[in-house]
Amino acid sequence: MLSRFFKPILLALAVSGSLATHAQGLAGAPAPFDKGGVKIAVVSFLGSGDWLQSFEAGATKQGKALKVDLRLAQARNDANTQRELIEQAITRKVDGLIINNGKPEALKDLAQKALDSGIKVVAYDVNLDNPKIPQVEQSDRLMAKLVLDEAVKRQGKKIVGGVVYVAGFAPLDRRYAVWKEFQSRYGFPEKAVWGVVNDNVPATVADQTKAVLRANPDINTIFTPWDEFARGVKMAVDELKLGDKIKIFGVDISTSDIQAIREPGSPWVATAATNPAVVGEVAVRAVSLLIAGKDPGHSVEIAPSLVTREDLLKNDIKTIEELTAKFPAFNASQSATAPWIPKTK
């Protein structure tokens, strides 16, 4: 995650960098895809990280298959920058807009402005509270439930919990709510809540975690509802040499996450996730259906899977590609599909 502040000319370049431009139409597709020239903008709140790279790769792949002009832009964790990027997409008169993450209070008015301009809008992991905007979701509640069930299975009644959480982000809010339900159901203590969303999440969370663990030496279970949080917690646990005592239960996965989980004695023992590339593909398909006058449904859910350290070691999985090959649920999603939408290779 790079600097949150950069000049407007760089914003323009970020939006104007086309990754797939096709004037030729898609045979057998409904209008306007049959004639080509469809423009889709993907505006992400985040600015870096393995998850975003994979998400954008999936979106790009599906965009190429649909022969659309798909352009990516990253706000790099700055709400005002995200607003400017969306304004630029509206000015460009794109046909479709995918809003990936962000702060709802900073986006709702612009999302409505896009709709009023005739642009079809899809949101991922940000609740814009608008019946005309489908929500592409990883089923955050199920992801949290899968990994917390595993935490209870492994840790039982001895859980002394900590959680890394920042309020105001829809996926984190939903995942944290499940943590609170588990805490109430099983009666384990929540000793501390900490976290940050900035340009260097792992390093900052690592510093926070070291302070928290020094102040709360009885914590033995940490829920990290975002893999960037998990990376930071693992850094701290490794540095303090507490891997034999503390177990990390996460959400999301990437190749670097897999490598971290596979490390000898790694405290990060389980995560629940969907394939971020598949999420990107589904988001592009959903907005494409809207552009073609079809309804993808208001909630477009992608089913997650639980991945444990034992799964990775037993199956000799070292990368997302290997995970996709050996875990079929990671390979594709049937959400937001249609006969005319080409499958990606």
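Pull out all pairs, ordered by first then second residue, where Cβ-Cβ is under 6 Å, the residues are six or more apart or on different chains, the first lies in region 44-69 and is closer than 16 Å to Ile253 by Cβ, and the second is of a type in the set (Asp, Glu).
Trp51/Asp252; Gly58/Glu281
Find all pairs meeting these conditions: Cβ atoms under 6 angstrom apart; at least six residues apart or on different chains; first residue within region 279-306 and of a type in the set (Ser, Thr, Tyr); second residue assigned to a strand (DSSP E or B).
So the pair list comes out as Ser299/Gln135.
Could you tell me which numbered condition Ala283 fails, if it satisfies all but one of (1) modelled with pLDDT of 95 or more; (2) in the same structural domain as Gly195 (by TED's automatic domain parsing); (3) under 19 Å from Val126 (Cα atoms)?
Evaluating Ala283 over (1) modelled with pLDDT of 95 or more; (2) in the same structural domain as Gly195 (by TED's automatic domain parsing); (3) under 19 Å from Val126 (Cα atoms) leaves (2) as the failure.
Here is a check on your reading of the model: is Thr255 at pLDDT below 95 and either surrounded by fewer than 22 Cβ atoms within 10 Å (Cβ to Cβ) or of a type in the set (S, T, N, Q) (or both)?
Details: at pLDDT below 95: yes; either surrounded by fewer than 22 Cβ atoms within 10 Å (Cβ to Cβ) or of a type in the set (S, T, N, Q) (or both): yes.
Yes: the conditions hold for Thr255.
Taking Glu87 as the residue in question, decide whether it is charged (D, E, K, R), in a helix (DSSP H, G or I) and closer than 19 Å to Leu172 by Cβ.
Working: charged (D, E, K, R): yes; in a helix (DSSP H, G or I): yes; closer than 19 Å to Leu172 by Cβ: no.
In short, no.
Consider only pairs whose beta carbons are under 8 Å apart and that are at least six residues apart or on different chains; among these, list those whose first residue lies in region 144-170 and is surrounded by fewer than 17 Cβ atoms within 10 Å (Cβ to Cβ) and whose second residue is small (Gly, Ala, Ser).
Arg154/Ala270
Asp244 fails exactly one of the following numbered conditions: (1) surrounded by fewer than 17 Cβ atoms within 10 Å (Cβ to Cβ); (2) part of a helix (DSSP H, G or I); (3) among the acidic types (Asp, Glu). What is the number of that condition?
Result: Asp244 fails condition (2) only.
Residues that are at pLDDT 95 or above and on the phi > 0 side of the Ramachandran plot: does region 118-139 have at least one?
Yes, the conditions are met somewhere in region 118-139.
Just one of the numbered conditions (1) touching a helix residue (DSSP H, G or I) at 6+ places or on another chain (Cβ under 9 Å); (2) modelled with pLDDT of 95 or more; (3) not hydroxyl-bearing (Ser, Thr, Tyr) is not true of Lys157; which one?
The one condition Lys157 does not meet is (2).
In region 112-125, is there at least one residue being touching a residue at least 60 places away in the same chain (Cβ under 8 Å), within 12 Å of Ser299 (Cα to Cα) and crowded, with 22+ Cβ neighbours inside 10 Å?
Just the residues of region 112-125 that are touching a residue at least 60 places away in the same chain (Cβ under 8 Å), to begin with: 120-122, 124.
Imposing the further condition that a residue be within 12 Å of Ser299 (Cα to Cα) reduces the set to 122, 124.
Checking the rest, the ones that are also crowded, with 22+ Cβ neighbours inside 10 Å come to 122, 124.
Yes, region 112-125 contains a residue that is touching a residue at least 60 places away in the same chain (Cβ under 8 Å), within 12 Å of Ser299 (Cα to Cα) and crowded, with 22+ Cβ neighbours inside 10 Å.
From Pro131, Pro171, Pro189, which residue is closer than 28 Å to Asn100 by Cα, of a type outside the set (A, V, I, L, M) and outside the structural domain of Ala106 (by TED's automatic domain parsing)? Spell out the reasoning first.
Working: Pro131 fails: outside the structural domain of Ala106 (by TED's automatic domain parsing); Pro189 fails: closer than 28 Å to Asn100 by Cα.
Going through Pro131, Pro171, Pro189 in turn, just one is closer than 28 Å to Asn100 by Cα, of a type outside the set (A, V, I, L, M) and outside the structural domain of Ala106 (by TED's automatic domain parsing): Pro171.
Name the one entry in Leu312, Leu323, Leu289 that is of a type outside the set (Gly, Ala, Ser), more than 26 Å from Thr221 (Cα to Cα), not assigned by TED's automatic domain parsing to the domain that holds Asp227 and not in a loop (DSSP other than H, G, I, E, B). Outline the logic, then answer.
Values: Leu312 fails: more than 26 Å from Thr221 (Cα to Cα); Leu323 fails: more than 26 Å from Thr221 (Cα to Cα).
Being of a type outside the set (Gly, Ala, Ser), more than 26 Å from Thr221 (Cα to Cα), not assigned by TED's automatic domain parsing to the domain that holds Asp227 and not in a loop (DSSP other than H, G, I, E, B) holds for just one of Leu312, Leu323, Leu289, which is Leu289.
The values are calculated or read from the model by the stated rules, or taken from the named source; none is laboratory data. Predicted, not measured: the structure shown is a model, and the values here were computed from it. A quick note on method: Cβ atoms are made from the backbone with ideal geometry, for glycine too, and the neighbour counts reach across all protein chains shown.
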